[in-house]
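The structure appears right after this line, and notes come after that.
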Amino acid sequence: MSPPPTDHDTDLLIVGAGPTGLFAAYYAGFRGLSVTVLDSLPEPGGQINAMYPEKQIFDIAGFPAVRGRELVERLLEQAAPYDPHHLLGHRADMLERTAEGTFVVTTRQGARVRARAVLITGGIGTFTPRPLPAAAAYEGAGLAYFVRRPDDYAGQDVVIVGGGDSAFDWALTLHPIAASVTLVHRRDAFRAHPATVAAVRAAGVEIITEAELSRVSGDGRSIEAVEITRRVPGDGMTHHLPCQGIIAALGFTANLGPLLAWGIDIENRRHIPVDSAMRTSVPGIYAAGDINDYPGKVRLIAVGFGEAATAVNNAAHHIDPEQPVFPGHSTDVPTTAPAVA
């Protein structure tokens, strides 16, 4: 994935490098389009790589189960023969429409992409981890908001803060790897699935409820210990725990950011209405995946794959009206992808 020039032309600009966007990159290549994939995150995969790369996903066609990271790797491999450009770590900012009906998207980092059509696959938009104030000084030095590589925590004392699915999933994942895992939650009820909660209890993970992480000790470069203070009225008991890693699984805030100013119809500042061709209210701009909406919409990765194919095929016809919407079946093409050197 060699970086494209900061100012370049492409047939289709895909905004969002999650699974839907990555599959769209393959399909655009299959349709003979040049494609650029833009994402504010520094690596492809969207929410999967950012939040649950090691979790098993069970509802992807053809995979009885597949880890999030593996799914992303397979999608990248599928598109690679068509050499899509990946412009990562760039947040789409301004959109301009030219007199010729094409688009210019400028990123916050100053890159400009000229595109004949745009496909928005931005999921829930730009998402930001909810902060853990007591540990903020150790962000990147022991404090993390998600686990990219579980083996990094081998032999460590780990404290996970949160009561949702992510917190309990990471507790299950890290329990066999870390020296110890302690889960801290401010209430005595959890948002996580009851079966996962039961599995964490059965594994012997220590759970401290009605409590909060109140203090972190360390040398500024690494964490050595934490204090957990019970929040129960009249109970000021404080737990002092050795700790080298904190995972703040407190959820994320999300918004569509600059997309709100692109002149596209957006419902409740969250979803982009589309028609059956995945067209938005602006000709030449399409949307697929969790970010779009229509009657009967189901937000699943599997659905996003189908929407990506629909959007790309219609975008190909928009770019060149001589091209049919239906591309034919890939099995009818002797060689479906160029040879990889």
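The values are calculated or read from the model by the stated rules, or taken from the named source; none is laboratory data. In this text, all values refer to a predicted model and were calculated from it rather than measured experimentally. Positions of Cβ are backbone-derived with ideal geometry, glycine not excepted, and every protein chain shown enters the neighbour counts. Each accessible area value is taken on the protein alone, full model and side chains, heavy atoms only, with ligands, DNA and RNA left out. Shrake-Rupley method; radii C 1.70, N 1.55, O 1.52, S 1.80 Å.
If you take the residues in the range 211-226 that are surrounded by fewer than 15 Cβ atoms within 10 Å (Cβ to Cβ) and charged (D, E, K, R), which one is nearest to Ala135 (Cα to Cα)? Per the criteria, the residue is Arg215.
Confirm whether Thr128 is touching a strand residue (DSSP E or B) at 6+ places or on another chain (Cβ under 7 Å), among the polar types (S, T, N, Q), loosely packed, with under 15 Cβ neighbours inside 10 Å and within 23 Å of Asn49 (Cβ to Cβ). Here the answer is yes, as Thr128 does meet what is asked. In the range 285-309, the residues that are within 21 Å of Ala61 (Cα to Cα) form Cβ pairs under 8 Å with partners that are at pLDDT 95 or above and acidic (Asp, Glu), at six or more places apart or across chains, as follows: Ala288/Glu307; Gly289/Glu307.
Quick check, is His193 at pLDDT below 95, surrounded by fewer than 23 Cβ atoms within 10 Å (Cβ to Cβ) and on the phi < 0 side of the Ramachandran plot? Show your work before the answer.
Working: at pLDDT below 95: yes; surrounded by fewer than 23 Cβ atoms within 10 Å (Cβ to Cβ): yes; on the phi < 0 side of the Ramachandran plot: yes.
It is true that His193 is at pLDDT below 95, surrounded by fewer than 23 Cβ atoms within 10 Å (Cβ to Cβ) and on the phi < 0 side of the Ramachandran plot.
Considering only residues of the range 160-176 that are out of contact with any strand residue (DSSP E or B) (no Cβ under 9 Å at 6 or more places or on another chain) and in a loop (DSSP other than H, G, I, E, B), which is surrounded by the fewest Cβ atoms within 10 Å (Cβ to Cβ)? The residue in question is Pro176.
If you go through the range 310-341 and keep only what is surrounded by 19 or more Cβ atoms within 10 Å (Cβ to Cβ) and either in contact with a helix residue (DSSP H, G or I) (Cβ under 7 Å, 6 or more places away or on another chain) or modelled with pLDDT under 95 (or both), you end up with Ala311, Val312. So Val197 passes all but one of these: (1) in a helix (DSSP H, G or I); (2) touching a strand residue (DSSP E or B) at 6+ places or on another chain (Cβ under 7 Å). Which condition number does it fail? All conditions pass for Val197, except number (2).
From Ala92, Ala50, Ala28, Ala24, which residue is closer than 29 Å to Leu172 by Cβ, small (Gly, Ala, Ser), touching a residue at least 24 places away in the same chain (Cβ under 8 Å) and crowded, with 17+ Cβ neighbours inside 10 Å? Write out each step before concluding.
Working: Ala92 fails: closer than 29 Å to Leu172 by Cβ; Ala28 fails: closer than 29 Å to Leu172 by Cβ; Ala24 fails: closer than 29 Å to Leu172 by Cβ.
Just a single option satisfies the conditions, and that option is Ala50.
Among the residues of the range 236-243, at least one is polar (S, T, N, Q), out of contact with any His (no Cβ under 9 Å at 6 or more places or on another chain) and over 21 Å from Asp93 (Cβ atoms).
Looking only at the range 264-292, count how many residues are open to solvent by less than 60 Å² (accessible area, probe 1.4 Å) and in a loop (DSSP other than H, G, I, E, B). Write out each step before concluding.
Of the range 264-292, the ones open to solvent by less than 60 Å² (accessible area, probe 1.4 Å) are 264, 266, 271-275, 277-278, 280-282, 284-292.
Still in the list and also in a loop (DSSP other than H, G, I, E, B): 264, 266, 274-275, 277-278, 280-282, 284, 288-291.
Selection size over the range 264-292: 14.
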